[in-house]
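Let me begin by presenting the structure, written as structure tokens, before commenting on it.
The values are calculated or read from the model by the stated rules, or taken from the named source; none is laboratory data. Since the structure is predicted, the reported quantities are computational estimates derived from the model, not experimental observations. Cβ coordinates were reconstructed from backbone atoms using ideal geometry, including for glycine residues, and neighbour counts include every protein chain displayed. Please note that ligands, DNA and RNA were not included when accessible areas were found on the heavy atoms of the full protein model with its side chains. Shrake-Rupley method; radii C 1.70, N 1.55, O 1.52, S 1.80 Å.
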Amino acid sequence: MRAHFGAKPVPSHAGNRENDVKVGIAGFGTIGKPVAAALDKGIDGLELAAICARDHDKARRNMEGVCAPVPVVGPQELADLCDVVVECVPKAAFRDIAEPALTAGRTFITVSGAGLLIHPDVVDIAKAHDAQVVLATGALLGLDAVRAAAEGEIHEVRMITRKPPFSLTGAPYLEEHAISIDNLSAPKKVFEGTAREGAAGFPANVNVAAALALAGIGPDRTSLEIWADPALERNTHRIEVEADSARFSLSIENVPSPENPGTGKITALSVITALRALTAPLKVGS
């Protein structure tokens, strides 16, 4: 079964702040802060209403210079206050944010394809409560093409991820298999398997592979290689697709975020784009 995600129309109320769609952000770090800054600067029809963070005092301090102060709340209150919930938390907290938001019938925006693979039942929760999960593109390109090809027959999807070694540090798969990526002088393949296995072994690194799998032929048929490459300064992803409608390959080199080198700068921008699409009069791409 293929999973398709896309924002359902949310009415725009630009110019009437009382009727603006209320947006809450769960997690106020590498992704959450740029998203908050964009909302504070202004996205037609949307208003930043609340932030959910484990450390409330730190979140309040971090708002300075980023956005006007808004309440810092827990997951349930975030779901109660907001029409749209943007999830930017560590993978271990994914369900804590997703479940109350979806049970409340909210639009839930995430870049955590890995979270969706680990908790696939959240889609059922969304369906039961007339909510919607929007999986933003994140650090990968070409998901529109993959989704279109999936309307026909896709024969093969392969992804090769190459990252600077420091961005893979701490991955459970490396620790469980005693794979060292210290002092490398040449590229080293550290994983080869399915997207599902990769998402479990590298939960902070391969949301892109999980998103690709959900857009295409699923996590067990999507092949993944991960390389630690000391010559790289950017996170690089290449996807190759063979389908009855087209054969294509795509490559992207993402600039790592200074705060978290495992996350590309473009990831937060993709969430901002997903938010704009909720109220935009023109939506480009499927």
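Among (1) modelled with pLDDT of 95 or more; (2) farther than 23 Å from residue 143 by Cβ, where does residue 19 come up short? Looking at each condition in turn, residue 19 falls short on (1). Output the residues belonging to region 235-279 that are touching an Asp or Glu at 6+ places or on another chain (Cβ under 8 Å) and modelled with pLDDT under 90. Result: 235, 256. Each residue in region 232-247 was checked for being among the hydrophobic types (A, V, I, L, M, F, W, C), open to solvent by 40 Å² or more (accessible area, probe 1.4 Å) and in a strand (DSSP E or B), and 0 of them qualify.
For region 182-204, the set of residues classified as under 15 Å from residue 238 (Cβ atoms) and touching a residue at least 40 places away in the same chain (Cβ under 8 Å) consists of 187, 195, listed by residue number.
To keep it simple, each residue is scored yes or no on (1) more than 23 Å from residue 115 (Cα to Cα); (2) at pLDDT below 95.
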| site | (1), (2) |
| --- | --- |
| 54 | no, yes |
| 68 | yes, no |
| 76 | no, no |
| 80 | no, no |
| 83 | no, no |
| 90 | no, yes |
| 95 | no, no |
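Restricting attention to region 151-169, does a residue exist that is under 18 Å from residue 256 (Cβ atoms) and small (Gly, Ala, Ser)? Yes: region 151-169 contains one or more residues that are under 18 Å from residue 256 (Cβ atoms) and small (Gly, Ala, Ser). Go through region 129-156 and give me each residue that's part of a loop (DSSP other than H, G, I, E, B) and at negative phi. 129, 131, 136, 137, 139, 140, 141, 151, 152, 153 - these are the residues of region 129-156 that are part of a loop (DSSP other than H, G, I, E, B) and at negative phi.
For region 77-96, name all the residues that are closer than 14 Å to residue 108 by Cβ and in contact with a Pro (Cβ under 7 Å, 6 or more places away or on another chain). Of everything in region 77-96, those that are closer than 14 Å to residue 108 by Cβ and in contact with a Pro (Cβ under 7 Å, 6 or more places away or on another chain) turn out to be 79, 96. Restricted to helices (runs of 4 or more DSSP H) entirely inside region 43-126, those with at least 2 residues that are touching a Lys or Arg at 6+ places or on another chain (Cβ under 7 Å) and crowded, with 16+ Cβ neighbours inside 10 Å are 75-81, 113-118.
Of note, residue 258 satisfies the criterion of being open to solvent by 50 Å² or more (accessible area, probe 1.4 Å) and under 26 Å from residue 172 (Cα atoms). Scanning region 189-200 for residues that are open to solvent by less than 10 Å² (accessible area, probe 1.4 Å) and assigned to a helix (DSSP H, G or I) yields 195, 198, 199.
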